[in-house]
């Protein structure tokens, strides 16, 4: 059970000239954008500026333990969480890897938030040179129930879990709590980012889903659950088993990221997915 939200921020940018476009590329462009030639937009904001504002926004909302990396996997291993001008992280912009000071440089920021009985992980991705139909700053916020098995062991946790979710009403109540908490975090982050970047346009969309197939192959959900510690995922397999006994129809994702529905343990892909296949 996870609230999965995606967000996009339209930062100021300029559209570049038409690029050499092959026939397959042109045909794909025509189908999806209505234009034959490939073009790229360039964001006016610097990578360092976006990084600074993104980190400040996450910090203002209570997120902690940030990790910053580029597409090549280079991690910024510096003290960067203190406010600018204070403490050991005050001069962190001067320690950026040299390639991060040149454009374009794609970076991502991930940070976590534990609040209201839930754990949220936000990931922001900045692409300063991008297709014009996309946004230069995108992100994802995943929110799950924050619960740990405790020192008494898995057996005792199983008993506590069964008692807490004793019937369908309790499961639906937990679903609503996760959905409300995830929507609140995603909405707050999207709004705060839009304000931090001068009131630019920002949108987000999300829904709560069951994770179908998690117990059999948890590694297939590694990207979706990145940032959530292993010991905070112990309940996911139990939730999957609990929902498998339910006659209700629940929104779900499988290990391939395909959206659909699960009922009595049986997964049905969305009609749109079947149509594309």
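Select from region 196-240 the residues that are assigned to a strand (DSSP E or B) and at pLDDT below 90 and list them in ascending order.
201
Please tell me if residue 274 is in contact with a helix residue (DSSP H, G or I) (Cβ under 8 Å, 6 or more places away or on another chain), modelled with pLDDT under 90 and not in a strand (DSSP E or B). If you could, list the steps in order and put the result at the bottom.
Numbers: in contact with a helix residue (DSSP H, G or I) (Cβ under 8 Å, 6 or more places away or on another chain): no; modelled with pLDDT under 90: yes; not in a strand (DSSP E or B): yes.
Spelling it out, it is not the case that residue 274 is in contact with a helix residue (DSSP H, G or I) (Cβ under 8 Å, 6 or more places away or on another chain), modelled with pLDDT under 90 and not in a strand (DSSP E or B).
Got a number for residues in region 239-261 being more than 22 Å from the chain's Cα centre (by Cα) and under 15 Å from residue 207 (Cα atoms)? Before you say what the answer is, go through the steps one by one.
Pass one, region 239-261, residues more than 22 Å from the chain's Cα centre (by Cα): 241-249.
Within this subset, residues satisfying the condition of being under 15 Å from residue 207 (Cα atoms) are 249.
Total satisfying the criteria: 1.
Can you name every residue in region 1-15 that is within 30 Å of residue 198 (Cα to Cα) and in contact (Cβ under 8 Å) with a residue 60 or more places away in the chain? If you could, list the steps in order and put the result at the bottom.
Looking only at region 1-15, we keep the residues that are within 30 Å of residue 198 (Cα to Cα), and these are 3-15.
Hits for region 1-15 are 3, 4, 5, 6, 7, 8, 9, 10, 11, 12, 13, 15.
Mind checking whether some residue in region 1-16 is surrounded by 14 or more Cβ atoms within 10 Å (Cβ to Cβ), modelled with pLDDT under 90 and within 30 Å of residue 170 (Cβ to Cβ)?
Within region 1-16, one or more residues are surrounded by 14 or more Cβ atoms within 10 Å (Cβ to Cβ), modelled with pLDDT under 90 and within 30 Å of residue 170 (Cβ to Cβ).
Could you say whether any residue in region 241-249 is in contact with a helix residue (DSSP H, G or I) (Cβ under 9 Å, 6 or more places away or on another chain), surrounded by 13 or more Cβ atoms within 10 Å (Cβ to Cβ) and at pLDDT 90 or above?
no
The values are calculated or read from the model by the stated rules, or taken from the named source; none is laboratory data. On a predicted model such as this, the values are computed, not experimentally measured, just so you know. Note: ideal-geometry Cβ built from the backbone for every residue, glycine included; neighbour counts use all protein chains shown.
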